[in-house]
Amino acid sequence: MRLSPGARERLTIFWMLFPTFLVIVGFYIYPTLYNLELSFTDITLLKLRKGGDWVGLANYWEFLRSSSFFDIALNTVFWLTAVSVTCRMILGLLFALLLNASFLKRMKLSTLARLILLVPWATPPVVAVIAWRWMFDPTHGAINSWLLSTGLISDPIAFVSNLSTVWPAINTIIVWNTTPLVAISLLAALQTVPQELNEAASIDGATKFQEFRFITLPYLIPTLSVLTLMSVIWTFNNFVYVWLATGAGPGTFTNVLATEVYLKAFVDLRIGYSAAIGVTMAVVMALFGALYFRLFGVGDMQEKVG
Amino acid sequence: MSIQQRLTPSLLIERGSLLVGFVLFAVFLLSPAYFVFKGSFENISVSLVASDGGWTLDNYLKVFSSGYLKYVVNSLVVCVTATVLGCTIALFAAYGLSRFRFRGRSLVFGSILGGQFFPWIILVNPIFILFARGGLINSHIGLILCYTAFITPFTIYLLVGYLTTVPRSLDEAAIVDGASRFTVIRLIILPVIWPGMVAAATFGFLQCWSEYLLALALITDDSMKTIPLGLYQYFGDVQIDWGAVMAGSVVATLPTLLLFLPLQKKLVAGLTSGAVK
């Protein structure tokens with residue numbers, strides 16, 4: 001069969017994109033829709049073959065009215081997402097500004113700094129949690145032995161099982177593991193700030209803070225806004241840090257939406273109910289994303305990302 | 001600022017605080033890794049004594065005699081296969097997206113961008129059920145399929161970035177000479193964007209290497225477990241065998257560090273130009 005050049009070209013495009021199409025439909029779109037369907041049923045792991053019965057919105061009502069809903073929502077939105085993203089952005093910005101300081105650059109410390117940033121960045125989350133649980137350990141941990149030796153505390157603190165320290169401990173792990181990416185991205189953005197502008201401002205008598213506020217910061221805003229959006233979505237849905245650090249405990253004290261999805265599906269075996277929590281999470285993030293785009297400008301962002 | 005500066009007190013304070021800041025930065029980022037590395041060579045008693053002291057390789061011997069090697073092999077098999085598959089799929093897709101204008105192109109590109117934000121926690125339930133019905137639980141094939149799907153969107157995204165820097169005239173000349181698109185990709189495009197391919201593959205491999213959630217849901221058979229699962233089961237019991245955990249952590253992290261090291265600059269450039277162009 002002979003094909004015209006145009007038809008052959010279309011066939012080539014088709015074959016090139018077909019595997020990707022399969023991946024997107026098979027592993028993203030179809031499971032998402034299937035999950036939506038599951039969320040309207042009472043399917044459990046025990047009656048997997050039979051399938052569940054249609055229960056309408058019952059799973060959603062049960063979740064939204066459950067006694068733990070408020071705690072889980074607060075944990076996820078405030079303790080997990082807001083605190084860790086804020087700390088990550090501020091610390092990442094401080095690191096980037098520090099490493100961009102001309103004095104440290106002249107001392108040839110920036111290459112060393114990049115290598116240092118690499119260590120937490122290349123550490124898998126599982127190992128990051130293990131490393132910090134080792135640091136926090138009451139009997140062997142470096143932090144307790146340091147605090148004890150300086151006399152700041154008289155008894156070791158079990159950071160991960162103590163209610164008042166468990167969230168700061170989890171956030172320390174997340175910030176340690178994820179700040180390098182933020183710092184490196186901001187460092188790259190800092191290098192686009194024209195040096196003449198800063199020099200001109202300092203000749204005109206601007207203070208260091210004014211230079212940062214009125215010259216440097218505007219150059220960083222696009223990078224910062226994309227990084228913040230990515231971090232929020234990524235952290236809100238994150239399962240691994242809380243699960244490995246505390247297993248949502250002590251009790252259910254650090255339970256978040258992602259761990260609740262897992263617990264309901266694989267411990268309580270209630271897949272349908274768990275699916276409804278997952279859909280709720282997706283809806284919340286979609287609304288957040290839409291609001292964010294509206295606040296920070298859609299066209300701007302598309303230009304940045306596309 | 002190139003003019004020689006006098007060391008005024010305020011300048012000294014500024015430089016001093018920069019150095020202090022640098023030290024704090026280094027201590028915060030390095031100390032956990034340092035203590036894990038140190039701990040992996042120590043005799044750590046399970047009693048309340050801090051440490052029995054002395055250097056030893058016992059932790060490593062213990063970890064490997066208790067079957068850690070099979071987790072390493074499983075991780076390598078799953079991650080290497082998924083990376084090769086993901087990169088191959090992504091190379092063709094990225095080429096198609098960067099070279100052709102067609103209806104639905106922005107839709108495809110948009111869903112690839114969306115894929116990066118996609119919360120896998122939501123996909124765990126449906127994929128578990130589908131895999132359970134299809135007999136893909138406790139199977140490396142199931143995990144490989146998931147990981148391939150997991151890394152493909154970002155790999156496409158990175159490669160599109162590299163491909164737009166390759167002039168189209170290069171492939172058009174070859175097409176005029178009668179080469180097919182596939183030949184062009186294999187013989188012209190691939191050698192040119194090879195550094196980008198390597199960076200994308202490294203990144204994809206690392207994503208798979210540290211993935212925990214899907215492995216946790218899909219693998220329960222000990223002989224099929226990957227490193228993150230295997231490593232964490234030392235934690236599961238009432239008492240933590242710290243020595244074994246530390247040694248296992250070092251084994252899990254060294255490959256990622258060694259992979260990252262030579263590619264560090266390239267990866268940073270690729271990622272940042274990807275994230276914020």
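The values are calculated or read from the model by the stated rules, or taken from the named source; none is laboratory data. Note that the coordinates shown come from a computational prediction; the quantities given were computed from them, not determined experimentally. We place every Cβ from the backbone using ideal geometry, glycine too, and count neighbours over all the protein chains shown. Note: areas computed on protein heavy atoms with side chains; ligands, DNA, RNA excluded. Shrake-Rupley method; radii C 1.70, N 1.55, O 1.52, S 1.80 Å.
Structural remarks
- For first residues located in segment B:112-123 and within 7 Å of chain A (Cβ to nearest Cβ), partners that are part of a loop (DSSP other than H, G, I, E, B) and lie 6+ apart or on another chain with Cβ distances below 6 Å form the pairs B:Pro119/A:Asn237; B:Ile121/A:Asn237; B:Ile121/A:Phe239.
- In segment A:1-44, the qualifying residues are those that are closer than 26 Å to B:Ile112 by Cα and among the acidic types (Asp, Glu), and the one that is modelled with the lowest pLDDT is A:Glu9.
- Count of segment B:40-57 residues which are modelled with pLDDT under 70 and either within 19 Å of A:Ile130 (Cβ to Cβ) or outside any loop (DSSP other than H, G, I, E, B) (or both): 4
- Within segment A:286-297, residues that are open to solvent by less than 60 Å² (accessible area, probe 1.4 Å) reach partners that are assigned to a helix (DSSP H, G or I) with beta carbons closer than 6 Å, at six or more positions or on different chains, in the pairs A:Tyr292/A:Leu229.
- Scanning segment B:122-131 for residues that are modelled with pLDDT of 90 or more and open to solvent by less than 50 Å² (accessible area, probe 1.4 Å) returns B:Leu123, B:Val124, B:Asn125, B:Pro126, B:Ile127, B:Phe128, B:Ile129, B:Phe131.
- Given (1) of a type outside the set (A, V, I, L, M); (2) open to solvent by less than 40 Å² (accessible area, probe 1.4 Å); (3) more than 10 Å from every other protein chain (Cβ to nearest Cβ), number of the condition B:Trp209 does not satisfy: (3)
- Out of A:Leu217, A:Leu163, A:Leu197, one residue alone is surrounded by fewer than 17 Cβ atoms within 10 Å (Cβ to Cβ), touching a Leu at 6+ places or on another chain (Cβ under 9 Å) and either without any contact (Cβ under 8 Å) to a residue 40 or more places away in the chain or more than 13 Å from chain B (Cβ to nearest Cβ) (or both). It is A:Leu217.
- Out of A:Ser84, A:Ser67, sole residue that is at pLDDT 90 or above, more than 14 Å from chain B (Cβ to nearest Cβ) and in a loop (DSSP other than H, G, I, E, B): A:Ser67
- Unique residue being crowded, with 18+ Cβ neighbours inside 10 Å, at pLDDT 90 or above, within 11 Å of chain B (Cβ to nearest Cβ) and touching a His at 6+ places or on another chain (Cβ under 9 Å) when the list is A:Trp176, A:Trp134: A:Trp134
- The set of residues in segment A:87-116 being under 23 Å from the mean Cα position of the chain (by Cα), facing another protein chain (nearest Cβ under 10 Å) and farther than 30 Å from A:Thr252 by Cβ consists of A:Leu94, A:Phe95, A:Leu97, A:Arg114, A:Leu115, A:Ile116.
- Among the residues of segment A:137-155, those that are at the interface with another protein chain (Cβ under 10 Å from one of its Cβ atoms) and either in contact (Cβ under 8 Å) with a residue 12 or more places away in the chain or assigned to a loop (DSSP other than H, G, I, E, B) (or both) comprise A:Asp137, A:Pro138, A:Thr139, A:His140, A:Gly141, A:Ile143, A:Asn144.
- Qualifying residues in segment A:28-51 (those that are outside any helix (DSSP H, G or I) and open to solvent by less than 30 Å² (accessible area, probe 1.4 Å)) - the one farthest from the other protein chains (Cβ to nearest Cβ): A:Thr41
- Residue within segment A:202-210 that is part of a helix (DSSP H, G or I), among the hydrophobic types (A, V, I, L, M, F, W, C) and open to solvent by less than 60 Å² (accessible area, probe 1.4 Å) present: no
- Lone unmet requirement of (1) at pLDDT below 95; (2) open to solvent by less than 40 Å² (accessible area, probe 1.4 Å); (3) within 17 Å of A:Glu62 (Cα to Cα) for A:Ile277: (1)
- For beta carbons closer than 8 Å, sequence separation of 6+ or different chains, a first residue in segment B:79-98 that is farther than 11 Å from A:Thr20 by Cβ and a second that is surrounded by fewer than 23 Cβ atoms within 10 Å (Cβ to Cβ) and of a type in the set (S, T, N, Q), the qualifying pairs are B:Ser98/B:Thr164.
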